[in-house]
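Heads up, the thing below is written out as structure tokens.
None of the figures in this text is laboratory data; all of them are computed from the coordinates on show. Quick caveat, the model's predicted, so the values are computed rather than measured. Every residue, glycine as well, gets a Cβ built from its backbone with ideal geometry; the counts of neighbours run over all protein chains shown.
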Amino acid sequence: MPPFLFWIFALLMLVFGAAVVINRNPIASALNLVVSFLGLAALFISLDAYFIGIIQVLVYAGAIMVLFLFIIMLLDLRAEKLRKINWVASAGGVVVAFALLMQIFYVVGRFKSAGQPFPRMPGSTVDDVHNIGLLLFGNYNLPFQIIGVVILVATIGVIVLSRRELR
Amino acid sequence: MVTLGDYLIVSGILFTIGFAGVMLRRNIIIIFMSLELMLNAANLSLVAFSRFHVDPAGAPNYNAQVFVFFIITVAAAEVAVGLAIIVALFRARQTTHVEDITSLRF
């Protein structure tokens, strides 16, 4: 992937990710999050992870965001009214986030492999679904089945939680 | 040339945006979306490391991609349960503002 495409998609993802946090209207936030996830899927594909990129589009930008939008419309949320801002808490949040960012820059700057470009891949990457499937059903068979149980528990839990009389 | 560090920096900035969202926003749904941003930032660095460690046969390290697959699956289940809790909370209190939901009693 040419470098300028990487920077375009990274910038797209970060700008729309920031818009999620900045927007006051929850629906606008959710739509910005969709664009941010699409940019992230493009970055996955730029790393030759086609399967993960497609899963990202299908599951995140498709299913999860539809769920978010559905709930926002179900609750009929409007743009929130401006409240009195707790300046101490806000300043604390900004300072902690900034410290975290500086820490990440420092660690990545000291990381020796960070300056190296990605090695070339002589093999074809078209069969990555095949390889991931082999790992998933061979080496990671037990975690895969546990994931199935987790989804079953989540389904039952959601049904129990969304019943009318919660007693 | 795009290096591993570029991907890690982008991932770190995305994580920080999500973290700032959790710290600064007071709408519980926006906080939940920011959590998703943080999960995705972790996924991005995992996939970058997967592509960085190419084995002699010329394939990336697929263990990381399986891990990302698991993270996405668990995140989907987590979003479903979390949104159900938010709906139940909204029915009880008619608000999504976290400062209005401070008592532990239902």
- Item | Residue tally, condition crowded, with 21+ Cβ neighbours inside 10 Å and either part of a strand (DSSP E or B) or among the aromatic types (Phe, Trp, Tyr) (or both), over segment B:1-26 | 3
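Please work out if B:Ala88 is closer than 20 Å to A:Ser36 by Cα, in contact with a Ser or Thr (Cβ under 8 Å, 6 or more places away or on another chain) and surrounded by fewer than 19 Cβ atoms within 10 Å (Cβ to Cβ). Walk me through how you get there before you give the answer.
On the way: closer than 20 Å to A:Ser36 by Cα: no; in contact with a Ser or Thr (Cβ under 8 Å, 6 or more places away or on another chain): yes; surrounded by fewer than 19 Cβ atoms within 10 Å (Cβ to Cβ): yes.
No.
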- Within the group A:Ile64, A:Ile104, A:Ile27, A:Ile45, which residue is of a type outside the set (Lys, Arg), in a helix (DSSP H, G or I) and under 12 Å from the mean Cα position of the chain (by Cα)? A:Ile64
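Table: residues versus (1) of a type in the set (A, V, I, L, M, F, W, C); (2) more than 7 Å from every other protein chain (Cβ to nearest Cβ); (3) within 24 Å of B:Thr16 (Cβ to Cβ); (4) touching a residue at least 40 places away in the same chain (Cβ under 8 Å).
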| position | (1), (2), (3), (4) |
| --- | --- |
| A:Ala97 | yes, no, yes, no |
| A:Leu101 | yes, no, yes, no |
| A:Pro122 | no, no, no, no |
| A:Val129 | yes, yes, no, yes |
| A:Asn139 | no, yes, no, no |
| A:Pro143 | no, no, no, no |
| A:Ile146 | yes, yes, no, no |
- Task: Can you confirm whether segment B:86-98 contains a residue that is more than 8 Å from chain A (Cβ to nearest Cβ), in contact with a helix residue (DSSP H, G or I) (Cβ under 8 Å, 6 or more places away or on another chain), in a helix (DSSP H, G or I) and among the β-branched types (Val, Ile, Thr)?
- Result: yes
- Message: Conditions first: (1) in contact with a Ser or Thr (Cβ under 9 Å, 6 or more places away or on another chain); (2) among the hydrophobic types (A, V, I, L, M, F, W, C); (3) over 30 Å from B:Gly58 (Cα atoms). A:Val59 passes all but one, so which condition is the exception?
- Response: (3)
